[in-house]
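Participant: Here you go, one structure.
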Amino acid sequence: MSNKALEIKNLSFKYRHNSKETLKKINLSVEKGKWLSILSRNGSGKTTLIKLAAGLLENSSKGSIKIFDQEVNQENFASIKEHIGMVFQNPDNQFVGPTVQDDVAFGLENKSIERNEMIERVDSALKDVEMIEFANREPNSLSGGQKQRVALASVLALQPDIIILDEATSMLDPKGRKSLLKLVQKLRSQYKITVIAITHDIQEIEQSDQVIIIDGGKKKLEGKPAKILIEDEKLESFGLEVPFTKRVRKRLFELGIILPNDYESKEMVANKIWKYYSKM
Ligand SMILES: Nc1ncnc2c1ncn2[C@@H]1O[C@H](COP(=O)(O)OP(=O)(O)OP(=O)(O)O)[C@@H](O)[C@H]1O
Ligand SMILES: [Mg+2]
């Protein structure tokens, strides 16, 4: 299998009833097993981009989209679908089964997977997301974070090569967000899954290998999280909230205290401030 999970060349897209182009000449390449974050403010074209990549929208432009070297189009849709699992924003819209385990089994039933293997895969996926003890619970009785774990298990059971999270954490509290992203990170490295995570929260890009920022349908910035996070003026111009540590550093600078310009965690900044304070 190719080492490129996703390769997009010169992709533009316009919805039929929209006068403007939603995506403009996007180029993007994601290696197998890496974590890409797509970051932008609302309405910038993130969901459109991943729907095109997953073949859920038809690419009518001259540009090309390839998943593991295979062009994404209607002819190849069945095989493209095999590679990709998606988790969406609203946990309540993703359940089809009366119990957690039925829900995870549902996608496997659709693929007519043999019963013993099905039981094994459901079991293993629920263990992977630490939800095995909830196997017989009604999905509606779970918390938001637990629901998203089950949604993730349903995707995992299908053994995808790429997992796409479209703002999958946005309805969770900060702790739930962190814990879901940590889990995704663990599964990514365990199963060498490629992760494409869409977010408009800049705090969520830290675990990624590669970040792109889209604004007005165009790719505006690309790089590792550390490189993106120091672009505070650009980030603000794209309507993205500058991280807390950056804001603190800026305020300190105005007060004549200069902290190094590379990105650091809240704890590191707090330690530095503490050191300055104790010297005063
Ligand atoms: N079916 C559609 N028909 C026409 N225009 C659409 C359609 N779906 C989305 N759009 C428009 O395309 C643009 C990009 O939408 P998209 O949903 O891709 O953005 P997004 O970055 O995912 O936004 P959000 O952060 O709010 O989820 C928006 O201006 C939106 O109004
Ligand atoms: Mg969206």
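The values are calculated or read from the model by the stated rules, or taken from the named source; none is laboratory data. In this text the structure is predicted, and so the values were computed from the model without any measurement. We place every Cβ from the backbone using ideal geometry, glycine too, and count neighbours over all the protein chains shown. For accessibility, only protein heavy atoms count, side chains too; no ligands or nucleic acids. Shrake-Rupley method; radii C 1.70, N 1.55, O 1.52, S 1.80 Å.
Participant: Looking at the square roots a ≥ b ≥ c of the eigenvalues of the Cα gyration tensor of segment 177-280, which shape do they give, rounded for a/c under 1.5, prolate if a/b is larger than b/c, or oblate?
Facilitator: oblate
Participant: Compute the Cα gyration tensor for segment 62-159, then decide on rounded, prolate or oblate, letting a ≥ b ≥ c be the square roots of its eigenvalues: rounded whenever a/c is under 1.5, prolate when a/b is larger than b/c in the other cases, and oblate in all that remain. Can you show the working numbers first?
Facilitator: Details: a/c = 2.53, a/b = 1.71, b/c = 1.48.
Cα axes put segment 62-159 in the prolate bin.
Participant: For the chain, take the longest principal axis of its alpha carbons; what is the angle in degrees between that and the long axis of helix 244-254, to the nearest 10 within 0 to 90?
Facilitator: Rounded to the nearest ten degrees, it is 10.
Participant: With r defined as the distance between the Cβ atoms of Ile273 and Glu233 and R0 fixed at 22 Å, what FRET efficiency is calculated, to the nearest 0.05?
Facilitator: Working from the Cβ atoms, E equals 0.45.
Participant: Related question: Order Arg247, Arg177 by their accessible area, 1.4 angstrom probe, all chains in place, largest first.
Facilitator: Details: Arg247 115, Arg177 60 Å².
Putting Arg247, Arg177 in descending order of accessible area: Arg247, Arg177.
Participant: Among DSSP beta bridges lying fully in the chain, give the percent that are antiparallel, nearest 5.
Facilitator: Of those bridges, close to 50 percent are antiparallel.
Participant: Given the whole protein assembly as supplied and a 1.4 Å probe, what does the accessible area of Val72 come to in Å², nearest 10?
Facilitator: 10 Å²
Participant: A further question on this structure: Could you work out the helix-only [θ] at 222 nm for the chain, with each DSSP H run of four or more residues adding -39,500 (n - 2.57) and the total divided by the number of residues, to the nearest 500 deg cm²/dmol?
Facilitator: For the chain, the value works out to -11500 deg cm²/dmol.
Participant: With springs only between Cα atoms under 10 Å, which of Phe106, Phe244, Phe88 fluctuates most in a Gaussian network model of the chain?
Facilitator: Phe244
Participant: Counting only protein heavy atoms, what percent of the accessible surface of segment 4-231 is carbon or sulfur at a 1.4 Å probe?
Facilitator: On segment 4-231, the fraction of accessible area on carbon and sulfur atoms equals 46 percent.
Participant: Can you work out the accessible area per residue across the chain, with the rest of the protein chains kept in place, probe 1.4 Å, in square angstrom? Walk me through the intermediate numbers first.
Facilitator: Numbers: 15060 Å² over 280 residues.
Using a 1.4 Å probe on heavy atoms only, each residue of the chain averages 54 Å².
Participant: Additional query: Over segment 4-231, calculate the relative contact order: mean separation of alpha carbon pairs under 8 Å at least 6 apart, over the residue count, as a percent.
Facilitator: Over segment 4-231, the number comes to 28 percent.
Participant: Using the Cα gyration tensor of the chain, with a ≥ b ≥ c the square roots of its eigenvalues, what is the shape: rounded (a/c below 1.5), prolate (a/b larger than b/c) or oblate (neither)? Don't skip to the end; give the middle numbers.
Facilitator: Values: a/c = 2.22, a/b = 1.33, b/c = 1.66.
Oblate is the answer for the chain, as a/c is 1.5 or above yet b/c matches or exceeds a/b.
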